1. From the list 282, 253, 242, exactly one residue is open to solvent by 80 Å² or more (accessible area, probe 1.4 Å), of a type in the set (D, E, K, R) and either more than 15 Å from residue 161 (Cα to Cα) or modelled with pLDDT of 85 or more (or both). Which is it?
2. Take residues that are open to solvent by 50 Å² or more (accessible area, probe 1.4 Å) and either among the polar types (S, T, N, Q) or modelled with pLDDT under 90 (or both) and tell me which of the helices (runs of 4 or more DSSP H) falling wholly in the range 346-400 contain 3 or more.
3. State all residues of the range 76-93 that are in contact with a strand residue (DSSP E or B) (Cβ under 7 Å, 6 or more places away or on another chain) and either aliphatic (A, V, I, L, M) or open to solvent by 40 Å² or more (accessible area, probe 1.4 Å) (or both); if no residue qualifies, say none.
4. Looking at this structure, is residue 277 surrounded by 20 or more Cβ atoms within 10 Å (Cβ to Cβ) and modelled with pLDDT of 85 or more?
5. Exactly one of (1) modelled with pLDDT of 95 or more; (2) surrounded by 18 or more Cβ atoms within 10 Å (Cβ to Cβ); (3) under 22 Å from residue 154 (Cβ atoms) is unmet by residue 13. Its number?
6. Just one of the numbered conditions (1) within 24 Å of residue 231 (Cβ to Cβ); (2) free of Cβ contacts under 8 Å to residues at least 24 places away in the same chain is not true of residue 287; which one?
7. Within the range 94-133, which residues are out of contact with any helix residue (DSSP H, G or I) (no Cβ under 8 Å at 6 or more places or on another chain), open to solvent by 20 Å² or more (accessible area, probe 1.4 Å), assigned to a loop (DSSP other than H, G, I, E, B) and touching a residue at least 24 places away in the same chain (Cβ under 8 Å)?
8. Name the residue, out of 300, 321, 268, that is open to solvent by 40 Å² or more (accessible area, probe 1.4 Å), under 41 Å from the mean Cα position of the chain (by Cα), in contact (Cβ under 8 Å) with a residue 12 or more places away in the chain and within 13 Å of residue 236 (Cα to Cα).
Amino acid sequence: MFVDEVRVHVKGGAGGAGVASFRRRKGKPKGKPDGGSGGRGGDVYFEADADAATLLELKRKPHRAARDGTHGQGELRHGGGGDDLVIAVPLGTVIHEDGIVVADLVHPGQRYLAANGGRGGRGNAAFVSREHRAPTFAEQGEYGEERTYVLELKLIADAALVGFPNAGKSTLIARVSAARPKIADYPFTTLQPNLGVVAIDGREFVLADVPGLIEGAAAGKGLGHEFLRHVERARVLVILLDPTPLQETSYADQYRILIEELAAHSPELAARPRLVVLNKIDAVADLDDVVEWGTQYGVEVFAISAVTGKGVDRLMYSVAELVDAAGRDAPGRQGFVLHRPAPSGFDVVRRGDTWVVTGKAAERAVALADLTVPQAADFAARRLARLGVDDALRAAGAQPGDDVQIGDLVFEFHDDLEDGEE
């Protein structure tokens, strides 16, 4: 089954929690802080893999998560980091988030960081300082990011066969390569693209059999958009025409309609180098009319029979020459990855009667294991003050006694400002 579009939900691993622990020694009843830190959660990546053919596996399992980090322990034993999750996707996968293209993976090994793992919490040994010689608190681990993407596969081919349904594209690609698409001796159209590697005269190129296009495809008629996306990456177009009575549209009108549909989808696409091929010549009585028609359009018409093989070798030589002439840097082949900017420290908004502080930095400031411990509460308050949360709340209009929410925690705002505390 060929799958070329799928929605995927990914989640980074959660960070492990730090631990508050003390090593007791004779004569030192308070002991020495020796709580280890938690391990970082694993990240989630999409990686282009030449061995991946479709997005079928992601269609079957659209929810993916990296492993969590493990918790810290006493005696300075730190938790292990969670393994990263690398999701293999086919070459030519375009990644969308909220309608924006964030990555186009076309080369083997290209990666996109889809979800960050959570940071591990620090144990109490990490907080030893002049102010806190024996800290009794530790940090919680952070949750990993959760994101939803739409993955779209656009096949990467050197040349693409473009034609009406039943033009003989599947028969041709089966003759010149090892691809084995479904072929029928009755009116039938391929419903999924096929790729084949053509080897000729010591050269190789990838040929795509794109499902048949019809008039109105660029406007979404039939499965136009789904099919046209697979033509976008081809450097050379092979326009395959069907002159037989089975095709109600004449080969001249087929050519006109196909070029118009390509231009409607993308003017640049219609301007790509192309060859015009008349298939099924065993059913044509007079080829002179075809040659004359091609002269009017200023194009050479290759006459072939995909069934008998007549003229096919000459056509493949010409395709290979045109592929080489088009060069390896055709439009859409380079690929790219957008890097998200680091989020700002925090934001303050009013929701009803509560001031809500959002942002990774603010959430980290209060991510301590037990804020009912006075020492931990004092430490969190100092963190928020240094971060500027107090000043931001005051500037926004917060009054003493107002509720302030950070993550799942709700505090009461105090404006005493003694020693920089809240």
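The values are calculated or read from the model by the stated rules, or taken from the named source; none is laboratory data. Bear in mind that the values here come from a model prediction, so they are computed numbers and not experimental data. So basically every Cβ, Gly included, is an ideal-geometry build from the backbone, and we count neighbours across all protein chains shown. Heavy atoms of the whole protein, side chains included, go into the accessibility calculation; ligands, DNA and RNA do not. Shrake-Rupley method; radii C 1.70, N 1.55, O 1.52, S 1.80 Å.
1. Being open to solvent by 80 Å² or more (accessible area, probe 1.4 Å), of a type in the set (D, E, K, R) and either more than 15 Å from residue 161 (Cα to Cα) or modelled with pLDDT of 85 or more (or both) holds for just one of 282, 253, 242, which is 282.
2. Answer list for the range 346-400: 360-365, 374-387.
3. Hits for the range 76-93 are 84, 85, 86, 87, 88, 89, 91.
4. yes
5. Answer for residue 13: the failing condition is (3).
6. Status for residue 287: all satisfied but (1).
7. 107, 108, 109, 110, 116, 122, 128
8. 268
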